[in-house]
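The values are calculated or read from the model by the stated rules, or taken from the named source; none is laboratory data. Fair warning: this is a prediction, and the values are worked out from it, not measured in the lab. Neighbour counts are summed over all protein chains in view; Cβ atoms, including those assigned to glycine, are modelled from backbone coordinates with ideal geometry. Accessible surface areas use protein heavy atoms only, side chains included; no ligands, DNA or RNA. Shrake-Rupley method; radii C 1.70, N 1.55, O 1.52, S 1.80 Å.
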Amino acid sequence: MSTSVKSQAIILKYWDYSEKDLIVSFLTPTHGRLQGIANGAKASRKRFGGVLDLFTQANLIFKEKKSSHLVFIEEGEVLDGFLNIRADYNAILLAQGLIEAAHHFFKEEEKNSQA
């Protein structure tokens, strides 16, 4: 059984998974750093338009499954795109360094297998 969770998040990284899907690493205040798969993220502007861009603060809705270390990102809403960072090359470099540090130092949430 999977449970839906809604949480604020900052997008740290993303990778291509397939022709239409992305794997996304994000940091939440309640669940720590998570990685999830966003099915159809490259094709669906309605569900993911700008939400999964780097440095974006968003409300994400995702499902956790006990049998997988990846969550399944269902949809999201942009809270802040940090346009001031995106307008300045030096700010982008500094933000990228901070994002890399956050991704490195915040360990991915460990699921409790005894629950």
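A compact table of results
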item	result
Test: residue in the range 94-108 that is more than 21 Å from GLU19 (Cβ to Cβ), touching a helix residue (DSSP H, G or I) at 6+ places or on another chain (Cβ under 9 Å) and modelled with pLDDT of 85 or more	yes
Enumeration of residues in the range 9-20 that are touching a strand residue (DSSP E or B) at 6+ places or on another chain (Cβ under 6 Å) and either closer than 15 Å to ALA101 by Cα or not small (Gly, Ala, Ser) (or both)	ILE10, ILE11, LEU12, LYS13, TYR14, TRP15, TYR17
Test: residue in the range 14-37 that is of a type in the set (A, V, I, L, M) and farther than 21 Å from HIS104 by Cβ	yes
GLU77 modelled with pLDDT under 85, closer than 26 Å to GLU19 by Cβ and acidic (Asp, Glu)	no
Selection count where residues are part of a strand (DSSP E or B) and more than 9 Å from the chain's Cα centre (by Cα), scope the range 58-76	10
Close pairs from the range 52-64: first within 18 Å of LEU98 (Cα to Cα), partner basic (Lys, Arg), Cβ under 8 Å, at least 6 apart	LEU54/LYS13; PHE55/ARG86
Test: residue in the range 80-103 that is under 16 Å from SER7 (Cα atoms) and not aromatic (Phe, Trp, Tyr)	yes
Where GLY97 falls short, out of the listed (1) without any contact (Cβ under 8 Å) to a residue 40 or more places away in the chain; (2) part of a loop (DSSP other than H, G, I, E, B)	(2)
Residue ID - nearest to SER25 (Cα to Cα), chosen from residues in the range 65-84 that are open to solvent by 80 Å² or more (accessible area, probe 1.4 Å) and touching a Lys or Arg at 6+ places or on another chain (Cβ under 8 Å)	HIS69
Within the range 1-57, strands (runs of 3 or more DSSP E) holding 2 or more residues that are among the polar types (S, T, N, Q), open to solvent by less than 40 Å² (accessible area, probe 1.4 Å) and farther than 23 Å from ASP88 by Cα	22-28
